[in-house]
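S.K.: Encoded as structure tokens, here's the structure I'll be asking about.
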Amino acid sequence: MGAAGIAAVSTLDEERRTLEAFRDAGATDPERALPADELGLPGTAALRRLVRDGVVRETAPGVYYLDEAALARSRRRRPGGVLGLATALLVAGVAVWMGRRSGR
């Protein structure tokens, strides 16, 4: 797996851990929003992406909750989701393997 593939997997893993932090803390509606530092997420790239995508909402400066409905909508809009990423990584891996094999 190349650097791009590793970065993509790392990004997905960071996003998964961020979503789990919200769920584990029960911060899944505006009344139960929590500060990012209490969630262990201050300043993470995944948190910034999820806020930008509207999946995580900010109720006050630095206080967030996970909007599960927005997450579901976001996943439906993503072309291919995890399966698409896995397919792309497989195709890239085969292409690299074939390129190295033909260079012998």
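The values are calculated or read from the model by the stated rules, or taken from the named source; none is laboratory data. Just so it is clear, the model here is predicted, and its values are computed rather than measured. So basically every Cβ, Gly included, is an ideal-geometry build from the backbone, and we count neighbours across all protein chains shown.
S.K.: Among the residues of the range 49-57, is there at least one that is small (Gly, Ala, Ser) and at pLDDT below 90?
M.R.: Checking the range 49-57: not a single residue is small (Gly, Ala, Ser) and at pLDDT below 90.
S.K.: Tell me which residues, restricted to the range 1-44, are modelled with pLDDT of 80 or more, touching a helix residue (DSSP H, G or I) at 6+ places or on another chain (Cβ under 8 Å) and closer than 30 Å to residue 94 by Cα.
M.R.: Hits for the range 1-44 are 14, 15, 17.
S.K.: Pairs under 8 Å by beta carbon, first residue free of Cβ contacts under 8 Å to residues at least 60 places away in the same chain and exposed (fewer than 15 other Cβ atoms within 10 Å of the Cβ) in the range 35-54, partner of a type in the set (D, E, K, R) and in a loop (DSSP other than H, G, I, E, B), six or more apart or different chains?
M.R.: 54/67
S.K.: Which condition does residue 76 not pass, out of (1) of a type in the set (Lys, Arg); (2) loosely packed, with under 11 Cβ neighbours inside 10 Å; (3) modelled with pLDDT of 90 or more, if it passes all the others?
M.R.: (3)
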